[in-house]
Amino acid sequence: GKATFLFGNRHQNTVMWAPHGRFLTLAGFGNLAGGMTFWDKNKEKQIPPANPVTAACTVGYGWSPDSRMMFVSTTSPRMNVDNGVHIYRYNGDKVNNLPWDNTNYLPDRLLQACFLPAPPDTYPDRPQSPTLKDLGKGPDASSAGTSQGGAAAAAPKPASRYIPPSARNRAERGGSSLADRMRAEKEGKMLGAQKVVEKPKIVGATGKVVVGMAPPGAQGKSKTAQRREKQKQKKQEEAARKELEEKLLAEQKASETAAAERVDPEKRARKLKKTLKQIEDLKKKDPSSLNEDQKKKIETEQEVLDELSKLGI
């Protein structure tokens, strides 16, 4: 399969899909710290929670049937301490914490936690709910209200420590030490979620076609046109092969003739007479019983006679 979206590199090993397939949670459970990120698959964006979400010592997890809540649980027998259930909204905001003390329920223990299931059509697929900022309410919308009601006195900024100009751009990343810079670089590499855009395959500078890609000339042509081109190319190859064979045969005959001229005339004449006698014997036989080589030998009778007359013997 082809990748369509990359979630970036993170310390996460668990994928949790909501029942409606809209929301998605990526988490690092087991031997990892328990960090969780929440995503909206339809928007292909991460849902930023109000605070970083970490669920350490998680054993069980799951989504509610309406895809609006999810839980993580710490249960026995894998974990016998800090048992309980934590419930989060689809955007990572914690809703409730349900602690559990095994000592209060002995000999029973918290072995499992889950949402009650429901038929698939019970709850509709709902998008994200608008926030107070989207509705123009709450502290995030105070700037808009101030501009409408009049200019309010700006609150004085609290005094803070002095940061050199060379380190101000790195102040938000936690400092300018080597460890801070290495941590910031690592965190930068851990992010980087992006949509995958398939790049078109092109013919390289060497003129070779990429493996699995049709030749440039074949793009946009019908199968019939491609078949005709193959047939035409095959005929051209056969014609070139025949021409080469004829050329080689002519060179061979020329070399034989030149070699014959260097042979003693009397010996050559005896050989030619012997060949004529063989041809006469073949002509007396039934033509249907002759093979191809014998027929070709009979056809060379005139050439043998002409060569014999040139020798004058």
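Name the single residue, out of those in segment 115-152 being over 22 Å from Lys41 (Cα atoms), assigned to a loop (DSSP other than H, G, I, E, B) and open to solvent by 100 Å² or more (accessible area, probe 1.4 Å), that is modelled with the lowest pLDDT.
Ala151
Out of segment 45-59, which residues are touching a strand residue (DSSP E or B) at 6+ places or on another chain (Cβ under 6 Å) and either more than 27 Å from Pro130 (Cα to Cα) or open to solvent by 20 Å² or more (accessible area, probe 1.4 Å) (or both)?
Result: Gln46, Thr54, Cys57, Thr58, Val59.
Could you name every one of the helices (runs of 4 or more DSSP H) located completely within segment 258-313 that has at least 2 residues being among the basic types (Lys, Arg) and open to solvent by 50 Å² or more (accessible area, probe 1.4 Å)?
Hits in segment 258-313: 265-284, 292-299.
Among (1) more than 33 Å from the chain's Cα centre (by Cα); (2) over 30 Å from Asn9 (Cβ atoms), there is one condition Cys57 misses while meeting the rest; what is its number?
Failing condition for Cys57: (2).
Starting from residues that are under 21 Å from Phe38 (Cβ atoms) and acidic (Asp, Glu), keep the ones in segment 60-101 and report whichever is surrounded by the fewest Cβ atoms within 10 Å (Cβ to Cβ).
Of everything passing the filter in segment 60-101, Asp93 is surrounded by the fewest Cβ atoms within 10 Å (Cβ to Cβ).
Mind listing whichever residues of segment 22-42 are surrounded by fewer than 18 Cβ atoms within 10 Å (Cβ to Cβ), free of Cβ contacts under 8 Å to residues at least 40 places away in the same chain and assigned to a loop (DSSP other than H, G, I, E, B)?
Once the filter is applied, which keeps residues that are surrounded by fewer than 18 Cβ atoms within 10 Å (Cβ to Cβ), free of Cβ contacts under 8 Å to residues at least 40 places away in the same chain and assigned to a loop (DSSP other than H, G, I, E, B), segment 22-42 yields Gly30, Asn31, Leu32, Ala33, Lys41.
Would you confirm whether or not segment 1-11 contains a residue that is surrounded by 13 or more Cβ atoms within 10 Å (Cβ to Cβ), within 26 Å of Leu116 (Cα to Cα) and either in contact with a strand residue (DSSP E or B) (Cβ under 7 Å, 6 or more places away or on another chain) or in contact (Cβ under 8 Å) with a residue 12 or more places away in the chain (or both)?
No, segment 1-11 contains no residue that is surrounded by 13 or more Cβ atoms within 10 Å (Cβ to Cβ), within 26 Å of Leu116 (Cα to Cα) and either in contact with a strand residue (DSSP E or B) (Cβ under 7 Å, 6 or more places away or on another chain) or in contact (Cβ under 8 Å) with a residue 12 or more places away in the chain (or both).
Take the residues in segment 102-114 that are part of a loop (DSSP other than H, G, I, E, B) and exposed (fewer than 12 other Cβ atoms within 10 Å of the Cβ); name whichever of them is modelled with the highest pLDDT.
In this case the residue turns out to be Gln112.
Going by the conditions given, is Ala250 among the small types (Gly, Ala, Ser) and surrounded by 12 or more Cβ atoms within 10 Å (Cβ to Cβ)?
Here the answer is no, as Ala250 does not meet what is asked.
Which of the following residues is of a type in the set (A, V, I, L, M) and modelled with pLDDT of 75 or more: Ala254, Ala205, Ala259?
Only one candidate qualifies: Ala254.
The values are calculated or read from the model by the stated rules, or taken from the named source; none is laboratory data. Computed from a predicted model, the values in this text were never measured in an experiment. Neighbour counts are summed over all protein chains in view; Cβ atoms, including those assigned to glycine, are modelled from backbone coordinates with ideal geometry. Surface accessibility is based on the protein's heavy atoms, side chains included, excluding ligands, DNA and RNA. Shrake-Rupley method; radii C 1.70, N 1.55, O 1.52, S 1.80 Å.
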